[in-house]
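Below: the structure, in structure tokens.
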Amino acid sequence: MVINLISDTITQPSKEMRIAMSNAVVGDDVFGEDPTVNKLQQRLADMFDMEAGLFCPSGTMTNQLAIKMHTNPLDEMICDYTSHVYQYETAGYAYNSGISVNLLKGAYGKITPDQVSAAVKPLYDWLPISKLLVIENSCNKGGGGYYTLDEISALSTVAKEKHLKFHLDGARLFNVLVETGESTEDVGEQFDSISICLSKGLGAPVGSVLLGNKEFIRDAKRFRKVMGGGMRQAGIIAAAGLFALDNNINRLKEDNDTAKEIGQVLETLPYVEKVLPVKTNILIFKLKTMPATEYVALLKEKGIIASAFGPYEVRFVTHMDFTPAMKIRLLEILQEIRIAD
Ligand SMILES: *Cc1c(COP(=O)(O)O)cnc(C)c1O
């Protein structure tokens, strides 16, 4: 039995999802004529009470389009230093949009209104113009923690005061909403644009959707095209996204609960220094003496795939293909391991 906890992106489309895909009514989406793509875009836009949506191959593309649409070259975006838009998108903000980045040091990936307010630059010829604020919910590299709606609302107020556009990288937003019970409409109200990933915990094989107002999405569609992201009968994959929205949102709570349960066991183990607060489906723990790469190699010999997330930090991500039998086996293995102090 291989137990893969490297990410929630590794989930396989279920049999039912594949049936929905094979039954999808499709058309040419470059002409805007794929009914399944249109339905997915409209479904998410309606959920978040936003005007329009744009289906893209990846969350990197939806984020990059948002940055491009909200800024001009020589501007800057403000975000936490752990942000996906800074860490994991190949410096696309610089390459695609010609902008700079103003990094804040938040707590577990979360920044405060005061930090943002202080970071906004005055208007001088020799400074980039602060134009865009990006936050992530849940915070991936921050360990799966999240902003509540009240915290987001306070950031949104500062963004308005300072004339910043406000983008949400909501790759795992639904893992948050199943915890807080907050509504998608209330979240939508706070932002100029939102990116939602269907290929993380929601279990679709491919795809992300960018949400915003009509003009924003119309212009983003042009840039999707120039980036090579105009797809033809994309309804085949959009159908998986619709299936995920219909069937896989509520069950994300199980992934969050499972991560918490594993975290509680890890806290009792002599070789674990500490477990970061487990808020959603991402679990990061720190080892006392063994380097993370060695520990990850040890786990791999035992059939468990995880990632080294720092010199002594290890990350597990729970997901829908992590079965109860796998959980039992995982907990046995974690408890069997002996490491000298
Ligand atoms: C996964 C992820 C993305 C998008 O990644 P793709 O692999 O390009 O779809 C964006 N932001 C965060 C926080 C993510 O975890």
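A few points about this structure:
- Candidate aspartates and glutamates - alpha carbon under 20 Å from residue 221, same-chain residues fewer than 8 apart omitted: 28, 29, 33, 34, 46, 49, 51, 89, 169, 192
- Rounded to the nearest whole Hz, the Karplus-based 3J(HN,Hα) values (6.51 cos²θ - 1.76 cosθ + 1.60, θ = phi - 60°) of the stretch 213-225 follow the sequence 7, 4, 5, 4, 5, 4, 6, 4, 5, 4, 6, 4, 5, with x at glycine and proline.
- Per residue, the convex hull volume that the Cα atoms of the stretch 7-158 enclose (Å³): 151 Å³
- Residue 274 long-range amide H proximity, modeled H, under 5 Å: 286
- Among 158, 37, 226: highest mean-square fluctuation, GNM of the chain, C-alpha pairs under 10 Å: 226
- Largest-first principal axis extents of the Cα set of the stretch 148-197 (Å): 31, 21, 14
- Average Cα contact separation per residue, the chain, under 8 Å, 6 or more apart, as relative contact order %: 24 percent
- Legend: residue pairs 131/286; 105/300; 253/302; 68/286; 253/327; 105/162, Cα-Cα distance threshold 26 Å; pairs beyond threshold, 131/286; 105/300; 253/302; 68/286.
- Computed over the stretch 94-154, the quotient of the alpha carbon radius of gyration and 2.2 N^0.38 Å is 1.26.
- Kirkwood-type radius of the stretch 166-247, with distances r between different C-alpha atoms, in Å: 13.8 Å
- DSSP beta bridges in the stretch 13-247 [antiparallel fraction, %, rounded to 5]: 35 percent
- Equivalent ellipsoid of the stretch 31-104: semi-axes from √(5λ) of the C-alpha gyration tensor, largest first, are 27, 13, 12 Å.
- Rounded if a/c under 1.5, otherwise prolate or oblate - the chain, Cα gyration tensor axes: oblate
- Using a cut-off of 25 Å between Cα atoms, the listed pairs 121/200; 39/225; 214/279; 110/200 include 121/200; 214/279 as exceeding that distance.
Coordinate-derived values only; no laboratory data. On a predicted model such as this, the values are computed, not experimentally measured, just so you know.
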